[in-house]
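The values are calculated or read from the model by the stated rules, or taken from the named source; none is laboratory data. Computed from a predicted model, the values in this text were never measured in an experiment. Note that we place each Cβ from the backbone using ideal geometry, even for glycine, and neighbour counts take in every protein chain shown. Remember, those area values only see protein heavy atoms, side chains included, never the ligands or the DNA or RNA. Shrake-Rupley method; radii C 1.70, N 1.55, O 1.52, S 1.80 Å.
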Amino acid sequence: MVRLPLAAAMPKRYLLQKPAVQKSSIPYEKELNSEQLQVVTAPDGPILVLAGPGSGKTRTLTYRVAYLIEQGVDPNQILLVTFTVKAAREMLGRVERLLKYHPEALWGGTFHHIGNLLLRQHAEKVHRTPSFGILDEEDAKDLIQSCVSDFKIPSAETRYPQTNVLESILSLSINTCRSLEQVVTERYSQFSEFLPFIERVSKAYQARKQKGNLMDYDDLLFLWLTLLREDKEIRQRYSEQFRYLLVDEYQDTNRLQFELIRQMGQPNGNILAVGDDAQAIYAFRGAEVKNLLEFPEVFSGTTIYRLETNYRSTPEILRLANASIRFNTHQFPKELKSVRETGPLPAVVPLVSSKQQAAFVAQRALELREEGIPLEEIAVLFRARFQAAELELELAKRNIPYIVRGGVRFFEQAHIKDVLAYLRILANPQDELAWERALRLQEGIGPAYAHRIWTALSTAANPVEEAIQGSAGDSLPSRAKPAWKRFCQTLRELTGRSIANRPAEMILAILHSGYEARLQTHFEDSRDRREDLEQLVNLAANYRRVDRFIEDITLREPFKGESIRGWEEPDELLVLSTIHQAKGLEWRALFLIGLVEGQLPHPKSIQDPDALEEERRLFYVAITRTKRELYLTYPMTRYSYQRGEIMLRPSVFLQELPEDLCELWRVGEQSAHSSY
């Protein structure tokens, strides 16, 4: 929250500090385009601002706040809601610079920060005291685990959802305003038989929080909404105080946030929501695009404004984006217009395989750098993490430094390292870290027992053979012995003649020995992680020795770039990112890889029209991240260790594009004159 933390409790105090109404010192007509100016100077009433990418929505919001204050609105009567603390700080800082003084009574911050401040004033009404503690995500998981422990689940039962999955289920239920039964049925059907258990955990968790005078992040919103719904006096107090409510990134709101906005916006109705239905891509987090699409129906008398002037991309990029998003049925139509000079046509690049795709991206990135675009101004985007695995290996071979934005590199992900721990043991039987990691994956074997087992094994001439004999686990408690026996059996299978030194077969054996089931119970995104492991199998299929496979995927860092001619900036890094992580960012050149059916769009969206529209919005968000250069690549074949060579179809989103908006590149040709 970017404001004085205690001032929110004393709104009347600031009525004495309202600046005198004076002639505007801000030249709005000069500093805003006509679209922005209309929004900034709009009359009272509900307003929906459809802000296309690169259209200056942050500028518009900050000028609107400054305009209201200059018109005599008390800053204490303005509430600006953002999705990040960084955004709040940026906007309120801009307001201060515009006004040339600090409007300290202005309310601005995230939903959670605002909920925190309001609940401190009325804690007793939600069965807390004003000094209540706030649980971060890790604290919340610890408390949920404590509740689970109270139910004394049999140690042999490993199919129950683990703590982090339980936390996701409970959180999604609250944020989407749906019952636990609905959430489990729709998103976590593998746990349907455990619904009574999940409901008991939820009830115990809520009771423990109340008893401990605690709230988690979801409580800050849910109990805030409870206050507004159940206490008419409080609802009236805040609806009268906040005459103007401004909400950023409205397309990303979930049902709970929508209900808060509706309650806070009554009865005056001065709600200004800024968003873009074409950039609504977070349904998996519980965001509902219908909150924006139905805004005019919910808030009668809504005036709709459009920000369609784009300051980021060339006309060629925007024509492509406009042509793609037109295929969505549920939307507010917009036509992005560029103010920039013309640029090259986007390139569509079909490639033989994902390996050739990786080679093309790496080579073209180096060429762009030679042409004057630094690596940090180049991004490679993808729908899912597994799509970048081949590229990461290629970048390593060429010594091209890169960074994975908002996450860890492919081979550093927990589930990849889990599976590789088994192979590391076989490649180097003295690898203490690999042994202890693999052992901790077994039910009932914690860090202490894992270390004890390794200590017993480490004195043996061949720790693997010693482990297969099973005696190192004699001191384990009875609840851990079944898992230990399965571990020994897995090692026995991995060293057997049928799959020894066949890394792909070995990884499949590890998955089938119990790790695949562990994915479902321990990770909320288990399907995505399963795809990662399938890609790991495909990469391993090229090797006939475990040690060589481990060496190649380990010798990938550090990347210093000394071998690249003319390298000057040691911190210059090529950016790799999922499309979801790239929203709100921009680069001078961009590669969007893996544009095939079954990858983008995701296969589960094919039979769901709403999901397919969100996938198209993902495509739209991706291509509008670039200022000038755009390369849309797809492999025509994919190798699967279990299914062999698979022919791939280009994404429907490529097939929809008009032929004259793209240029077809053939790898190996000097130039491309064909249109796509």
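The table that follows gives values for the structure above.
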| item | result |
| --- | --- |
| Charge sum, other residues only, whose C-beta stays under 12 Å from Tyr620's C-beta, Lys/Arg counted +1 and Asp/Glu -1 | 0 |
| Fully extended contour minus Cα-Cα distance, from Arg159 to Thr637, at 0.36 nm per residue | 168.4 nm |
| Set Lys57/Lys141; Lys86/Lys290; Lys141/Lys583; Lys397/Lys583 screened for pairs whose C-alpha atoms are more than 32 Å apart | Lys57/Lys141 |
| Cβ-Cβ FRET estimate between Arg262 and Leu293, R0 fixed at 22 Å, reported to 0.05 | 0.90 |
| Arg527-Leu664 FRET efficiency (beta carbon distance; Förster radius 30 Å; 0.05 resolution) | 0.35 |
| Per-bin percent of Cα-Cα distances, segment 154-282 [5 Å] | 2, 9, 16, 17, 16, 14, 11, 8, 4, 2, 1, 0 |
| Cα principal axis extents for segment 244-327, largest first, Å | 45, 28, 21 |
| For the chain: Kirkwood Rh in Å [reciprocal of mean 1/r, alpha carbons] | 28.0 Å |
| Linear extension gain, Lys203 paired with Thr185, 0.36 nm per residue minus alpha-carbon span | 4.6 nm |
| The chain - accessible surface per residue (Å², probe 1.4 Å) | 44 Å² |
| Difference of contour (0.36 nm per residue) and Cα-Cα distance, Asn462 to Ala323 | 43.7 nm |
| Two-decimal log10 I(q)/I(0) for segment 55-166, as the Debye equation yields it once each C-alpha is a single scatterer, q = 0.10, 0.19 Å⁻¹ | -0.51, -1.00 |
| Relative contact order of the chain, defined on C-alpha pairs under 8 angstrom at six or more residues apart (%) | 17 percent |
| Heavy-atom accessible surface of segment 39-88: percent carbon and sulfur, 1.4 Å | 53 percent |
| Of every Cα-Cα pair in segment 310-408, the percent that sits beyond 21 Å | 50 percent |
| Candidate aspartates and glutamates - alpha carbon under 14 Å from Lys232, same-chain residues fewer than 8 apart omitted | Glu240 |
| Gyration tensor (alpha-carbon) shape descriptor, segment 433-477, a/c threshold 1.5 | prolate |
| Per-residue SASA entry for Arg326, accessible area with 1.4 Å probe, Å² rounded to 10 | 140 Å² |
| Charge sum, other residues only, whose C-beta stays under 9 Å from Arg229's C-beta, Lys/Arg counted +1 and Asp/Glu -1 | -2 |
| Largest-first ellipsoid semi-axes for segment 388-485, taking √(5λ) over the Cα gyration tensor eigenvalues, angstrom | 33, 15, 10 |
| Alpha carbon Rg of segment 608-669, scaled by the compact-globule rule 2.2 N^0.38 Å | 1.37 |
| Spacing of the two label points (7 Å from each Cα toward its C-beta) at Gln655 and Arg237, in nm | 6.0 nm |
| Approximate spin-label separation Arg492-Lys30, in nm, with each point projected 7 Å along Cα-to-Cβ | 8.5 nm |
| Solvent-accessible area of His127 with every protein chain in place, 1.4 Å probe, in Å² to the nearest 10 | 120 Å² |
| Sequence-separation-based contact order of segment 144-225, relative, with Cα cut under 8 Å and 6+ spacing, percent | 32 percent |
| FRET efficiency estimate (nearest 0.05) - Cβ-Cβ, Arg440 to His122, R0 56 angstrom | 0.80 |
| Relative contact order (%) - segment 346-408, alpha-carbon pairs under 8 angstrom, separation at least six | 39 percent |
